[in-house]
Amino acid sequence: MRRGCISLGDVQCDDCHRIIQYPERYLVVEETEGTVLRLCVDCCLNRGYARYKVEKGERVLTFFSEPKY
Ligand SMILES: [Zn+2]
């Protein structure tokens, strides 16, 4: 399960290990084994968990709720 969240400034990315500052968005990924990963936007983009799309001339970040194959 994946859930997009907004950091309150106390979240660390489990991939690149940087602090995700408020009000940056991040993704919570719950693996089937019960492992929970928090990923910053950059890591989500790198892994293909998120992408930017352009809506009405604005760049909008979209998190994928399910894996894309
Ligand atoms: Zn990261």
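The values are calculated or read from the model by the stated rules, or taken from the named source; none is laboratory data. These numbers come from a predicted model, not from an experiment. Neighbour counts are summed over all protein chains in view; Cβ atoms, including those assigned to glycine, are modelled from backbone coordinates with ideal geometry. Please note that ligands, DNA and RNA were not included when accessible areas were found on the heavy atoms of the full protein model with its side chains. Shrake-Rupley method; radii C 1.70, N 1.55, O 1.52, S 1.80 Å.
Of note:
- Amide H contacts under 5 Å for GLN12, placed H, 5+ residues apart: ILE20
- Cα shape, segment 1-47, gyration tensor, a/c 1.5 rule: prolate
- Contour minus Cα-Cα distance for ASN46 and HIS17 (0.36 nm per residue): 9.0 nm
- For segment 25-69, applying the loop criterion from DSSP together with a ceiling of 12 other beta carbons within 10 Å to the trypsin sites (Lys or Arg not before Pro) yields LYS56, LYS68.
- Solvent-accessible area per residue in the chain equals 71 Å², computed with a 1.4 angstrom probe and all protein chains kept.
- Accessible carbon and sulfur surface of the chain relative to its total accessible area, %, 1.4 Å: 48 percent
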